[in-house]
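**Student:** Quick one: the structure is below, questions incoming.
No lab work stands behind these numbers, since they all come straight from the coordinates. Predicted model only: the values in this text are computed from it and were never measured. So basically every Cβ, Gly included, is an ideal-geometry build from the backbone, and we count neighbours across all protein chains shown.
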Ligand code: UD1
């Protein structure tokens, strides 16, 4: 099993380029089967969540090509299978997005309950009730969701929660329905707007993404497209927090500063200097920062749950006490015992963590328990005194491409064992 070995205590200096967002590429790949023509997505990272989505697409009949420049081309002309095998669905929660496009294209889909990040119960009830309101018949027997869209129609749907995945799934399930579908209480994340732009570039008629109401006018057909998804705001945020923790001066290129304005607003209160110009973000930090009184995760444009553990790692070595409330997922504090092994002072009660900053962390043997938590352990290791060994890094590989080479290029001492 691969591990990261990190010798901490070095400042970070240099520049890196941000690739396309995993959370955009995954729904866009799913949406690519809405046409019979070829679709190319540019600037995609080599990460295991995307590899698994490509395996699923290949399994249902797509021809997939990938080049060294990060271009992925999907030829979805001859889909022959309406079923997503259990093993693949379990590895990738985002397989649930395929329900909408499969039903739009093939009128049938059979998919097992999806897996994904180990961050607590992740129900799909909002996906299922929305699909049912669109006239789709779903049989939930035998661990599979057996769906039939023969009677699909436009509808007015109010989502119980602004779920990102459910908003995306319902957008993709509605593109061919005659008439106008209206989705209310939608998620407003930038990845939703990216999906709208992608669908419209294929000939769909979707509007309103980025607000809580999305309107989809049914069309008969979509065509192929070459598209560049938005950059990954969570990857950008992770490296910004790394620089804040380690001290130094780094610059991110190919980012969209507005997408992480909640992080930039928070860090600007801690005495690190952040400046943004067009697609560049620069951060300069002198090491030990002031704690943030409160961090509350919230739907976009609030503070993203996907940056919560990385921010917690930063708070462990900041001056003062910080209260972190996780409002989106119930068990997103699984990394706390690992951070405590490294000398952090954290107490958790329900969905709130109190982090009392210590002067420094020390190296230890720790295990990644989920994707973002794993990244936060790498950050903690970079800032700690001594050697940190991070195990189970297959969690990190789901979303972070080339973490060791990128951090090494910024001056960190990190290697990966095979
Ligand atoms: C997406 C992101 C993930 C991010 C999350 C929240 C992708 C591939 N993943 O996940 O990185 O952490 O948004 O920003 O884009 N819920 C229900 N019923 C449902 C669906 C969701 O109760 O049917 C609840 C979830 O349990 C959770 C909340 O809604 O508490 C938000 O989940 P959701 O927005 O759906 O997250 P994902 O789309 O799974």
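**Student:** Which percent of Cα-Cα pairs in segment 15-125 sits in each 5 Å bin, short to long?
**Tutor:** 2, 12, 23, 25, 19, 11, 5, 2, 0, 0
**Student:** In whole angstrom, note down how far apart the Cα centers of segment 346-411 and segment 66-115 are.
**Tutor:** 32 Å
**Student:** What is the helix-to-structure angle for 371-383, meaning the angle in degrees between its Cα long axis and the longest Cα principal axis of the chain, kept from 0 to 90 and rounded to the nearest 10?
**Tutor:** Its long axis makes an angle of about 20 degrees.
**Student:** Given the options 140, 191, 385, state which has the largest fluctuation in a GNM of the chain using a 10 Å cut-off (strictly under) for Cα springs.
**Tutor:** Result for the chain, Cα springs under 10 Å: 140 fluctuates most.
**Student:** Please work out, to two decimal places, the log10 of the ratio I(q)/I(0) at q = 0.07, 0.12 Å⁻¹ from a Debye calculation in which every Cα of the chain carries one identical scatterer.
**Tutor:** -0.33, -0.94
**Student:** Let me ask something else about it. Kirkwood Rh, Cα Rg: Rg to Rh for segment 22-227?
**Tutor:** 0.92
**Student:** Antiparallel versus total DSSP beta bridges in the chain: what percent is that, nearest 5?
**Tutor:** Approximately 70 percent, going by the DSSP bridge assignments.
**Student:** Mind giving me the nanometre distance, one decimal, between the label points for residue 325 and residue 352, set 7 Å out from Cα along Cα→Cβ?
**Tutor:** Each label point lies 7 Å from its Cα, and together they span 0.8 nm.
**Student:** In a solvent-free Debye calculation with one equal scatterer on each Cα, what is log10 I(q)/I(0) for segment 200-325 at q = 0.18 Å⁻¹, listed in the order of the q values?
**Tutor:** Computed log10 I(q)/I(0) values: -0.94.
**Student:** Next up: Along the Cα→Cβ direction, 7 angstrom out, place labels at residue 142 and residue 215. What is the inter-label distance in nm?
**Tutor:** Inter-label distance under the simple model: 4.3 nm.
**Student:** Mind jotting down a quarter of the surface of the convex hull over the alpha carbons of segment 136-200, in square nanometres, one decimal?
**Tutor:** If I average the Cα hull's projected area over directions, I get 5.1 nm².
**Student:** Could you give the angle, 0 to 90 degrees to the nearest 10, between helix 22-31's Cα long axis and the longest principal axis of the Cα atoms of the chain?
**Tutor:** Its long axis makes an angle of about 10 degrees.
**Student:** Based on the alpha-carbon set only, what is the convex hull volume of segment 1-51 divided per residue, in Å³?
**Tutor:** Given the Cα convex hull of segment 1-51, per-residue volume reads 112 Å³.
**Student:** Give me the angle, in degrees from 0 to 90, between the Cα long axis of helix 233-246 and the longest principal axis of the Cα atoms of the chain, rounded to the nearest 10.
**Tutor:** Helix 233-246 and the main axis of the chain meet at about 0 degrees.
**Student:** Same structure again: So for 49, 345, 232, fewest C-beta neighbours within 10 Å to most, what's the order?
**Tutor:** 345, 49, 232
**Student:** Would you kindly give the portion of the calculated P(r) for segment 284-352 that falls above 18 Å, as a percent of all Cα pairs?
**Tutor:** Pairs farther apart than 18 Å: 35 percent.
**Student:** Calculate how large, on average over all directions, the projected area of the Cα convex hull of segment 260-409 is; give the answer in nm² to one decimal.
**Tutor:** Reported value for the Cα convex hull: 8.7 nm².
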